[in-house]
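A short worksheet on the structure shown next.
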Amino acid sequence: MTTETSGFGLGWPALARETLLKSSRVFCMLPWTHMSVYPDGQTYPCCNASGWPLGSVGETSLQGLWNSELLRRLRLDMLAGRESAACTRCYEAELCGMGTLRTWANAELAQHFGLVGQTRPEGSVDRLNLPYLDIRFSNLCNLRCRTCRPELSSAWQKDAHLLGGVAVPARSAISAQARAALMEQVRALLPQAEIIYFAGGEPLVMEEHLEILEALIAQKQFGVRLQYNTNLSISHFRGVDIMKLWDRFETVVIQASLDGMGRRGEYLRKGLLWADVVSNRERMREVCPRAAFIVLATVSAMNAWHLPDFHAQWLRQGYVGRGQFQLNPLFTPEEYCVQVLPPRLKQAVIRKYEAHVDTVAQASGDAASFAGAVRFMRARDRSVLLPRFRDLTLKLDAARGERFAEVFPECAELIVDCLRRSE
């Protein structure tokens, strides 16, 4: 920081904008522009800080949560250059050279930096400022993905019961009255919205998602950036063609949560029909050709070997183009983390990724993502968790009538190795 100048009238020194946005390891624009509301009403600084609740929208308004104790402390820590435990996921990924929500926010929301200088000495900011909305009204979902949990998928209820988990409501944990109040708050924020992130659950099966799109259209707010995390399994809801609505907006970004193709993709995202995914991808190019498309693949111990093959095939088929295939490291359930791979298999996967970077990903603009995944694999050896990987995988296989080793024969030794360890 430098000496005080005009524009920062609350006693803060003049803030070195470029240093904080581009050079700081800890600064992030999100505490001044965002809060993330999960299906149970718990609200967080962002979706990567889901272990650090600010409070619940079932009990407190968004305005009331805006200056909650944790958010005030986060702002002060970031301004002082102190790391926060709530931001660990971004720190770890960035050390491996991977893109993160932190770096994305600093680039996309830099125009709100003036509000940073209005931070009061105790960390509060007077004006509620949420240009980036992430409100997940429910956990409604049509799939039960291996790497998900019942809090984020209503379809997971049966599996969770079989695994001995605690029952989670099939919709939202907040009351209908609180949900209606939340929608009214969101409606009031729409005129200032710049980016709206729809996730879930599966956002395309939620009434609230359609309601927000229709409100934006009625207000002619076609400049709002719509960003989705969707399983790409459906395109219509309540008789409405969602893709035709997308085509009315200037910027739509579809991040498709696809972790494998064909039978592997269907195993990882139970209930998915791969033919529907392919059909919807092809239809996107016809109905809403301006929409940006990205495969956001979750890298886990199950699919790590397969992902280069998936990427290469979709490039050949023209379903993804330059820079449209991104890898996202899985952190939970921790027994599925790619760092759990045993040393021999991990080294084989790393060699495959390095060859893929040299032969395919470099030319397609996706080299950094695959190289970052390699650094993430090397960062820690967590193979001690292999028995837990085996237990969870075999329990779900039994419940779902599936066999991991048949679907992923290249990784069958994960199960065999664990069986030997348990003997």
With all protein chains in place and a 1.4 Å probe, R264 shows an accessible area in Å² (nearest 10) of 70
Taking a ≥ b ≥ c as the square roots of the eigenvalues of the Cα gyration tensor, with a/c under 1.5 meaning rounded and otherwise prolate when a/b exceeds b/c and oblate if not, the range 171-234 is oblate
Taking alpha-carbon centroids only, the range 205-223 lies from the range 69-112 a number of Å equal to 30
Per the 1/(1 + (r/R0)^6) rule, R0 = 30 Å and r from the Cβ atoms of A363 and E83, FRET efficiency to 0.05 is 0.25
In whole percent, the fraction of accessible protein surface over the range 296-368 that belongs to carbon or sulfur atoms, probe radius 1.4 Å, stands at 50
For Q317 and V416, extending 7 Å from Cα along the Cα-Cβ vector and measuring point to point gives, in nm, a value of 3.0
In nm, the gap between the two label points placed 7 Å beyond Cα toward Cβ at R400 and E18 is 5.0
Expressed in nanometres to one decimal, the distance between label points 7 Å along Cα→Cβ at S279 and E94 is 4.4
Under the helix-only model (-39500 (n - 2.57) for each DSSP H run of 4 or more, divided by the residues of the chain), the mean residue ellipticity at 222 nm, to 500 deg cm²/dmol, is -11000 deg cm²/dmol
The alpha-carbon center of the range 273-348 and that of the range 237-256 are separated, in whole Å, by 21
By accessible area (1.4 Å), largest first, K22, K352, K244 order as K22, K244, K352
So for the range 113-246, using the alpha carbon gyration tensor with a ≥ b ≥ c as root eigenvalues (a/c under 1.5 gives rounded; past that, a/b versus b/c decides prolate or oblate), I'd call it oblate
Of the listed pairs K22/K220; K220/K244; K270/K395, those with alpha carbons more than 26 Å apart are K22/K220
Result for the chain: accessible area per residue, probe 1.4 angstrom, in square angstrom, of 42
Listed by chain and number, the residues whose amide H is under 5 Å from that of R269, excluding neighbours fewer than 5 places away on the same chain and using placed H, are R146
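The values are calculated or read from the model by the stated rules, or taken from the named source; none is laboratory data. What you see is a predicted model; the values in this text were computed from it and never measured. Cβ: placed from backbone, ideal geometry, glycine included. Neighbour counts: every protein chain shown. For accessibility, only protein heavy atoms count, side chains too; no ligands or nucleic acids. Shrake-Rupley method; radii C 1.70, N 1.55, O 1.52, S 1.80 Å.
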